[in-house]
Every structure is written in structure tokens, then in C-alpha cells.
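What follows is a single structure, written as C-alpha cells, with notes after it.
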Amino acid sequence: MVSQCKARKRNGKRCPNPASASGYCFTHDPARSAERSAARKRGGFNRRTAARVSGAEAVQIKDIADVLKLINAVIADVWQLENSPARGRVLLGAADTAMRALQVGELEERVKALETRLNSGNPTAQA
């Protein structure tokens, strides 16, 4: 039979976790403090945004498509969070940023089309 941890909580009740051979659970065993510390560090490292963002690798933004890809990844990650005013602000901000990126992308395409038309009418014109 598994015994109960012999540590006491702040309210005076015994810890409900099962005890190891030392009589303490992982959380309360004084001999395992270094192991607990390492586990906390691993847990904190795994919570880092870079490790969570849609499995994303290092982000490199070279053009509007890269910007939109990043915005879509942010929206996808934030969409999964619990609904809150902060979540709503992030989603609205990302939508506004996406709209502006789409406008810039459209303007770039229009300028390229105009330059192409201008250059095709005058082959000696410089870009």
C-alpha cells in the first residue's frame, strides 16, 4: 500500500500526495530539491513563446507574405486562448495589422504593374 506524504500544508492538513521511500512526495522531499529546481527550469523553458508558436521556427520577414504568415500564426495561437479583454485586443490589433499589410501588398502589386506597363511602352526607360 502506498503511504501518504508526511509533509503538512499551510492549513495544517497533510499533503495528499503519495509518498516515496523517504516518506515525502516529490514536492516535499528535501533530498530532491535540486531535481525539483531542474524540473521548474525545464517547465519554464518549455513555456517560452518560441517553443509554442504554432511549432514555428525562427521567423524571418522578407516580404508581405512573411508578415501575413506571422500574423496568421499569432492569430491562430491567440484564438485558442481563453476569451478575455486582452485576447480581444490582441485579435483586433492583429486583424488591423493584417489589413494594413494587405493594403501595402496591394499597393506594391499596383506599382509593379504600372512600372511594367511604363517600361514595356519605352524599352530604353530605366527602372
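The values are calculated or read from the model by the stated rules, or taken from the named source; none is laboratory data. On a predicted model such as this, the values are computed, not experimentally measured, just so you know. Backbone-built Cβ (ideal geometry, glycine too); neighbour counts: all protein chains shown.
Structural remarks
- Within the range 7-46, the set of residues being among the polar types (S, T, N, Q) and surrounded by 12 or more Cβ atoms within 10 Å (Cβ to Cβ) comprises ASN17, SER20, SER22.
- For the residues ARG40, ARG32, the requirement of being in the same structural domain as ARG8 (by TED's automatic domain parsing) and at pLDDT below 90 singles out ARG40.
- Hey, ASN72 of a type in the set (S, T, N, Q), surrounded by 11 or more Cβ atoms within 10 Å (Cβ to Cβ) and either over 16 Å from the mean Cα position of the chain (by Cα) or at pLDDT 90 or above (or both) or not: yes
- Checking each residue in the range 75-114 for being hydrophobic (A, V, I, L, M, F, W, C) and closer than 14 Å to ILE64 by Cα picks out ALA98, MET99, ALA101, LEU102, VAL104, LEU107.
- When the range 77-99 is filtered for residues that are surrounded by 12 or more Cβ atoms within 10 Å (Cβ to Cβ) and not hydrophobic (A, V, I, L, M, F, W, C), the ones remaining, listed by number, are ASP77, ARG87, GLY93, THR97.
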